[in-house]
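As structure tokens, the structure follows; a few thoughts come after it.
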Amino acid sequence: MFLRPWKTFRTGYKYCKYFSTQTVNISSNDAIVLSDSCVQKLKQLCDGNVFMRLCVESGGCSGFQYKFDLDDKIADDDKVFEKDGVKVVVDTTSLEYIKGSTIDYHTELIRSAFRVVQNPNADLGCSCGASFSIKIE
């Protein structure tokens, strides 16, 4: 599957989508869980209509990589996940790769970052947690 950037808003962030125009049905079982540390950090970063966008792109050392951006526009094919007033938005294509995952904010001595943990769709990942390969059934 090939992913490509499809639109750039004034903020300069790019969204990912299949080349295909096929629609994807999303059930309530496709939820993304936001950890408490993720919610706390997003409350510090996001004000007004700003939210975090999570996208899966091709690349990284394992085949696919997670991309986190701050955004203020919601597209027609986006799914919104909300907890305690903060929002995380995922396009339907990326959701197929991360449904059932948890988004966490992790702080270490050398860095702090949002990351996707407990991804049931990931087979292998790199040591930094930024990229993954998908399970092939």
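The values are calculated or read from the model by the stated rules, or taken from the named source; none is laboratory data. Keep in mind it's a predicted model, so treat the numbers as computed, not measured. Cβ sites come from the backbone with ideal geometry, for glycine too, and all protein chains shown count toward neighbours.
Out of the residues in segment 34-55 meeting the condition of being charged (D, E, K, R) and part of a helix (DSSP H, G or I), tell me which one is nearest to VAL86 (Cα to Cα).
Once the filter is applied, the top-ranked residue is LYS43.
For segment 115-125, indicate whether the set of residues that are touching a residue at least 60 places away in the same chain (Cβ under 8 Å), in contact with a Pro (Cβ under 8 Å, 6 or more places away or on another chain) and not β-branched (Val, Ile, Thr) is non-empty. Within segment 115-125, not a single residue is touching a residue at least 60 places away in the same chain (Cβ under 8 Å), in contact with a Pro (Cβ under 8 Å, 6 or more places away or on another chain) and not β-branched (Val, Ile, Thr). Among the conditions (1) farther than 22 Å from THR107 by Cα; (2) at pLDDT 70 or above; (3) under 16 Å from the mean Cα position of the chain (by Cα), SER62 misses just one, which is (3).
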